[in-house]
Amino acid sequence: VVLSPTLQKLITSLRLLPGIGQKSAQRIVFYLLEHQRDKSIQLAENILDATKNIKNCINCRNFTEYEKCQICSDKHRNGRLLCVVESPADVLAIEQMGHYHGLYFVLMGHLSPLDGIGPKELHIDQLQRRLIKKQPSIMEVILATNPTVEGEATAHYITQLARNRNIKTTRIAHGVPLGSELEYIGSDTLTRAFSRREEVD
Ligand SMILES: [Zn+2]
């Protein structure tokens with residue numbers, strides 16, 4: 001072991017990031033210390049700031065520093081449409097598409113029993129309260145979970161909940177190859193997937 005404990009600690013922390021292994025973590029650490037000391041301090045402060053101040057929106061669970069996120073606070077949004085997605089990145093992708101003006105519910109994942117992720121971890125109870133809530137009551141739930149096995153299972157689960165409340169439920173069309181994630185789909189494909197959404201039965 002030739003690395004100082006301080007360096008080793010930082011490398012170990014970076015390895016928490018998706019796709020970053022030992023080699024990449026080392027390269028990042030050496031780069032930051034050698035070339036970007038000031039920016040590294042900024043980076044550390046920004047991470048600290050975000051982890052302290054960003055929480056889940058009380059309505060949709062998207063990340064926000066406010067109690068209610070900007071989308072949920074926007075009076076011009078159509079409160080009768082609720083689009084269910086897996087991640088904040090999906091909200092961004094759909095917002096960039098520019099055609100959807102309803103609200104969201106962000107699951108922050110998908111059902112994955114083997115990883116111990118069930119309805120409780122996805123805060124499905126909160127989604128259920130949204131479905132029950134009047135003023136305005138929800139007319140359509142649009143399922144925009146990823147077209148993966150877990151995403152489909154999650155969509156199926158939510159369909160049952162919506163059906164119990166007699167709420168129309170649609171699934172975005174699969175112009176997207178199975179296993180791909182919404183955030184990587186082009187805006188045109190996503191627009192098509194939305195406009196060709198089909199009622200689930
Ligand atoms: Zn919100």
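The values are calculated or read from the model by the stated rules, or taken from the named source; none is laboratory data. Values in this document were obtained by computation on a predicted structure and should not be read as measured data. Cβ sites come from the backbone with ideal geometry, for glycine too, and all protein chains shown count toward neighbours. SASA here: full protein model, heavy atoms, side chains in, ligands and nucleic acids out. Shrake-Rupley method; radii C 1.70, N 1.55, O 1.52, S 1.80 Å.
Some values worked out for this structure:
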| read-out | value |
| --- | --- |
| Matching residues in region 6-26 - criterion: being open to solvent by 60 Å² or more (accessible area, probe 1.4 Å) and small (Gly, Ala, Ser) | SER13, GLY19 |
| Answer residue from region 50-87, given it is part of a helix (DSSP H, G or I) and closer than 14 Å to LEU103 by Cβ and is most open to solvent (accessible area, probe 1.4 Å) among those | GLN70 |
| Odd one out for PHE194, checked against (1) in a helix (DSSP H, G or I); (2) free of Cβ contacts under 8 Å to residues at least 60 places away in the same chain | (2) |
| Residue satisfying all of: in region 179-191; charged (D, E, K, R) and in a helix (DSSP H, G or I); least open to solvent (accessible area, probe 1.4 Å) among these | GLU183 |
| Residue in region 103-114 that is open to solvent by 50 Å² or more (accessible area, probe 1.4 Å), in a helix (DSSP H, G or I) and closer than 25 Å to THR159 by Cβ present | yes |
| Residue under evaluation MET97, criteria (1) away from the ligand (no atom under 16 Å from the Cβ); (2) free of Cβ contacts under 8 Å to residues at least 40 places away in the same chain, criterion not met | (2) |
| Residue in region 116-129 that is charged (D, E, K, R), in contact with a Phe, Trp or Tyr (Cβ under 8 Å, 6 or more places away or on another chain) and either open to solvent by 20 Å² or more (accessible area, probe 1.4 Å) or modelled with pLDDT of 95 or more (or both) present | no |
